[in-house]
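Encoded as C-alpha cells, the structure appears first; notes follow it.
The values are calculated or read from the model by the stated rules, or taken from the named source; none is laboratory data. All figures in this text were calculated on a predicted structure; none of them were measured in a lab. Virtual Cβ from ideal backbone geometry, glycine too; neighbours counted across all protein chains shown. What goes into the accessible areas is simple: the full protein's heavy atoms, side chains included, and nothing from ligands, DNA or RNA. Shrake-Rupley method; radii C 1.70, N 1.55, O 1.52, S 1.80 Å.
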Amino acid sequence: MTSNVRAAVSQILRNKDDAGDEEEEPKKKSREDWRKAKELEEARKAGTAPAAVDETGKDINPHIPQYISSAPWYYGTSGPTLKHQRPQADREGQFTKLDTYYNKGVDTTKLATKYRKGACENCGAMTHKKKDCLERPRKIGAKFTNAAIAPDEFNQPNLNLSYDGKRDRWNGYDPEQHKAIIEEYQKVEDAKRELRAKKLEQDPTATEGDEKEEEDEDKYVDEVDMPGTKVDSKQRITVRNLRIREDTAKYLRNLDPNSAYYDPKTRSMRDNPNPGAVESEYAGENFVRFTGDTRAHGEAQLFAWEAHSRGLDVHLLAEPTKLQLLQRQYDERKRQLKTQIKESVLEKYGGAEHLQVPPRELLLAQSEVFTRYNRDGTLVQGPEKQLAKSKYEEDVLINNHTTVWGSYWRDGQWGYKCCHSFIKMSYCVGEAGKSVVLDVPEEKKEVKEKKEKDISDKSSSESSSSSSSSSDSETDTRSKTEKTSKKKKNKKKAKKKKRKEQKKEKKVEDKLKKALEDEERQQKRAEHLLSVDERKRPYNSMYEVKAPTEEEMEAYMMKRRREEDPMSQFM
C-alpha cells in the first residue's frame, strides 16, 4: 500500500511562510520513486515486506483498495491511516449504560397537604398537567378541595437507551432491592431459631418432635424424583439441571419463526407450536392450565360475578357450597325453560316427527351399498347417483290422472299422457279420452278429402264446355277485335297492377304496424312478468305455437335491444 500523504494548499503555504527561503516546495516524485513505491506495494501484497502501520500501531491490510485507504487532503494526516474509515467519536450516539438505575412509580416519601401552583388540577401532582393525568377525573378537582393530593412521580433522568438496552430484562433494576427480600427471610429464620431455643429451655424432651418435623421435611424432599433435577436433602433445595437428552427441545418442535414464542430465560413455550396438528405430543404449557377442573372453576367464578351484579350476596371463596347449589338450581331452571319453550313451539307449529331420527351412530355407520375399487384406490363401481330434487313438489297426481301435466305434447300443446287431454285440471277418462282425441282429426281429414274431390269435378266439367263453344267463335272474332282489344287490355293490366301493388304495400305496412304494436305489447308483458313473483305468473301453455311471420320477425329485429351497441343506452 502506498502512503500517499496529501497536504492542503493552505498548509503548504503556511509551512513555506514559516520556513522562509530555506525550504523549497515539495519536490515532484521521479519515475524511480514511483517504481520503488509500486514494488513495495507488490511486496506487501505478496507478504515478503511488512505491512504499513497506522498511528495506533496496527497493521493496515495491503489488499485494501487505494480509494479506501487514502485519506482526503482536508483530513490532515501525516502518515498511512484508516482512522477516516472508522466511526467518528463526535458523531456516535451516547447511550445510557445498563447499570444506570432509576426509580419507578411515585415518590411516597413526600406527600403534599395543600395544592401547589402549577400542579395538576385533577389530582394535585406537580409532575404532570390535567390533560396527562391518569387518575379518575374527579367531580371537584384537587385545586379547589385541597384533599387527597396525589404523590409526585419520580423525576427520571434523560435516558437514551440503545437497541439492546430497551429490550434488556434487567434494565433499570437495582440489586440493592434484593437485599430487602434476603433480610425478610433472614428475620423469619431468626424468629424460628429463637422459638426453638425457648422450647428447649422450657421442655428439654421437645427435641424429638423437632427432629421428626425435620425428618418429614427431608422425606418429602427425598421423594421428589423428577428427571433432570438434583435433590440435596441436607440443604433442602431442588436445583433444576439441563433437560433430558431424549426429550426434544421445545424450540425444535416447530422451526417456523412465526410459530409459538419460546422464552430462553425461563425455558417456557406457552402456546401450541403446532396448532393445526390433530395429534401432538406437546400442546404448550397453557394447555395444562385449561384442563381438569380449571374450566369448571372459571365458569363458577363467572357465575358468582354475574349473580353478585344482580344483587345476590354470594362469593366463590367465602361460600363455595352455597354458590354450587345456586348454580345447580340455575342450570336446572334454564333446562326446564328451554324444554318448555321447545314443547310450546312444537305444539303450536308441529314437526315433532322430524326430531325422531335414528341415533348418530346408525346414521354415519356402515352401509350395505356395494363399492369396488382398483388397486390404485380409484372407484370402479359405487352407489347409483341420486337425482337431485327441486324444492317444489314432484309427481303429484290429481283428478284420477296417472301422469302429470306436461307429459304429452302434440301440435304445439301440452297435455296429460294418460288420456291425451289438453285441458289443465281436467278429469281423467283414461283410454276413452284417447280414442275421442284420435277420432276427431280422422273425421276432419275425410271431410277435407271430399271437398277437394267435388272442386276438382266441377272444374273439369266447366273446362270441357268452354272448349267446345270457343272453337266456333274464335275464327270469326279473332281478326276483328285482335288489334283493339290488345291496347285496352294492356291499359287495364297496367292499372290493375298498379292498384295491386298499392294494396300490397298498404297491407304490408298495416301488418308491420300491427306486428310492431304486438312486439311492444309482448315486451311490456315480459317486463311485467319478470317483476312478478314466479309463483303468481299465469300459465301460457294453451297459446297456439306457430312459426313467426316475416312482419313479426321484422318487428322483432327493429325492436330488439342490442347490448353490444354503445349508443343503446341513449335510445
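Only one of the numbered conditions (1) under 38 Å from the mean Cα position of the chain (by Cα); (2) part of a helix (DSSP H, G or I) is not met by GLU279, and that is (2).
Among residues of the range 315-361 being outside any helix (DSSP H, G or I) and closer than 30 Å to THR294 by Cβ, the one that is most open to solvent (accessible area, probe 1.4 Å) is LEU317.
Counting only residues that are open to solvent by 80 Å² or more (accessible area, probe 1.4 Å) and in a helix (DSSP H, G or I), the range 119-145 holds 5 of them. Scoring GLU55 on the criteria (1) touching a residue at least 24 places away in the same chain (Cβ under 8 Å); (2) exposed (fewer than 10 other Cβ atoms within 10 Å of the Cβ) leaves a single failure, condition (2).
Scanning the range 69-88 for residues that are loosely packed, with under 11 Cβ neighbours inside 10 Å and not charged (D, E, K, R) returns PRO72, TYR74, SER78, GLN85, PRO87, GLN88.
In the set (1) touching a strand residue (DSSP E or B) at 6+ places or on another chain (Cβ under 7 Å); (2) assigned to a loop (DSSP other than H, G, I, E, B), VAL396 fails one condition alone, (1). Scanning the range 297-314 finds no residues that are assigned to a strand (DSSP E or B) and open to solvent by 100 Å² or more (accessible area, probe 1.4 Å).
Residues in the range 524-548 that are open to solvent by less than 70 Å² (accessible area, probe 1.4 Å) and at pLDDT 70 or above: ALA526, LEU529, VAL532, ASP533.
Whether a residue is within 46 Å of the chain's Cα centre (by Cα), within 30 Å of GLY93 (Cα to Cα) and in a loop (DSSP other than H, G, I, E, B) was assessed, and ASN155 does not pass this test. The residue that is nearest to LEU312 (Cα to Cα), among those in the range 342-363 that are hydrophobic (A, V, I, L, M, F, W, C) and over 37 Å from the mean Cα position of the chain (by Cα), is VAL345.
Residues in the range 146-159 that are more than 30 Å from LYS97 (Cβ to Cβ) and loosely packed, with under 11 Cβ neighbours inside 10 Å: ALA148 only.
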